[in-house]
1. Determine ³J(HN,Hα), in whole Hz, for all residues of segment 14-29 in sequence, where each value follows from phi through the Karplus function 6.51 cos²θ - 1.76 cosθ + 1.60 and θ = phi - 60°; x replaces Gly and Pro.
2. Using a 1.4 angstrom probe, figure out how much accessible area segment 13-86 has per residue, in square angstrom, rounded to the nearest whole.
3. Amide H to amide H under 5 Å from residue 2: which residues, 5+ apart in sequence or cross-chain, H placed 1.01 Å off N in plane?
4. Rg and Dmax of segment 10-54 over Cα atoms: what are they, in angstrom?
5. Return the inverse of the average 1/r over all pairs of distinct C-alpha atoms in the chain, which is the Kirkwood hydrodynamic radius, in Å to one decimal.
6. Report the per residue volume, in Å³, of the convex hull enclosing the C-alpha atoms of segment 23-82.
7. So who's got an amide H within less than 5 Å of the one on residue 99, skipping anything under 5 residues away but keeping other chains? H placed 1.01 Å off N, in plane.
8. Based on the Kirkwood radius over alpha-carbon pairs, what value in µm²/s does the Stokes-Einstein equation return for the translational diffusion coefficient of segment 48-94 at 4 °C and 1.567 mPa s?
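The values are calculated or read from the model by the stated rules, or taken from the named source; none is laboratory data. In this text, all values refer to a predicted model and were calculated from it rather than measured experimentally. Positions of Cβ are generated from backbone atoms using ideal geometry, with glycine treated the same way; all protein chains shown enter the neighbour counts. Accessible surface areas use protein heavy atoms only, side chains included; no ligands, DNA or RNA. Shrake-Rupley method; radii C 1.70, N 1.55, O 1.52, S 1.80 Å.
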Amino acid sequence: QVQLVETGGGSVQAGGSLTLSCAASGRTFSTYTLGWFRQAPGKDREFVTAVRWSSGTTSYADSVKGRFTISAGSANTTFLEMNSLKPEDTAVYYCVADVNFGDVIRGTARYWGQGTQVSVSL
């Protein structure tokens, strides 16, 4: 059974930084794509970023390019480094995983974590 567990959320002032982690278990994820979505109150869930584990290929939403960095670490863990945070980055952040890169970006991935809250204040 695949499990994705996010950690690292919290509260920060605008301009600050946070790093989220996603620990994946239940599979060998070397052929998977892992990514992050977020959902702000009253808004639809939106794609943030994804990384194909085997190649390191990445994709980012325009809203986070240049500020967020995704990386695939060892031991089935992926990291999301978030810099220059803005109040509009406030959301619940979800780790997602699937084999197909496109499915992860489109939000149709099979596996989702429970989410971790990120709050950015002025």
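1. Using θ = phi - 60°, the values come out as 3, x, x, 9, 9, 10, 9, 10, 10, 9, 9, 9, x, 8, 8, 8 Hz.
2. Working: 3560 Å² over 74 residues.
For segment 13-86, the solvent-accessible area averages 48 Å² per residue.
3. Close amide H contacts, sequence-distant or interchain: none at all.
4. Using the Cα atoms of segment 10-54, the pair Rg, Dmax is 13.7, 37 Å.
5. Evaluated on the chain, it is 14.1 Å.
6. 95
7. 33
8. Values: Rh = 11.5 Å.
In µm²/s, the coefficient rounds to 112.
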